[in-house]
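Heads up: the structure comes next, in structure tokens.
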Amino acid sequence: MKASVCFVFAVVCWIAAQAEESPKILTLNKVMHELNKINQGMKIKDKSTSLNSPTVNDLKDCCVASALECFRSQVFLLSVADAKLKRSQKIISRELQKSFIVNGVSSCKPEEIQAAQCKSCDSYKKVDSRMFVQNFKTLLQKIYASQA
């Protein structure tokens, strides 16, 4: 009896903790989960795919949103054959288009974003798919850390 009460209490606490997380954090978690699926299912030796990829070193605080958009726009270029992974690509793209994500990743004012002179996506260095995914994950972690 005591064990079942403890279990129910633990479940209620877990649900309450989940409810407290912001929609931004939940969306970032979902995107990271889907990106991990893609990373695990990508063709292991696919060196032919070369994608423009911002790195953390390239990012100024006011350019996070444009870097995120660069990753979002190129996620469909990752070489995946499995239908489930293609679905993961769609989920990532859809989730990152949500206005609260786009507007919430930077606390910069419009004039600060303009002054930052963020790079266009095609001006970033091209890297292989594995490095692209790693850079994408690093950016998501940076955003997550700034939201927590």
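Quick notes on this structure:
- Exposure rank, largest accessible area first [R87, R94, R130; 1.4 Å]: R87, R94, R130
- Unsatisfied cross-links (Cα-Cα over 22 Å) in the set K84/K142; K98/K126; K86/K125; K30/K60; K30/K137; K86/K137: K84/K142; K98/K126; K86/K125; K30/K60
- The accessible-area ordering, largest first, of the residues Y124, Y144 stands as Y144, Y124, per a 1.4 angstrom probe.
- In region 57-148, Cα pairs under 8 Å separated by at least six residues give a relative contact order of 43 percent.
- Between region 51-77 and region 84-128, the alpha-carbon center distance in angstrom: 6
The values are calculated or read from the model by the stated rules, or taken from the named source; none is laboratory data. Being a predicted model, the structure only gives us computed values, none of them experimental. Ligands, DNA and RNA are stripped out before the accessible areas are found, and what is left, the full protein with its side chains, is counted by its heavy atoms. Shrake-Rupley method; radii C 1.70, N 1.55, O 1.52, S 1.80 Å.
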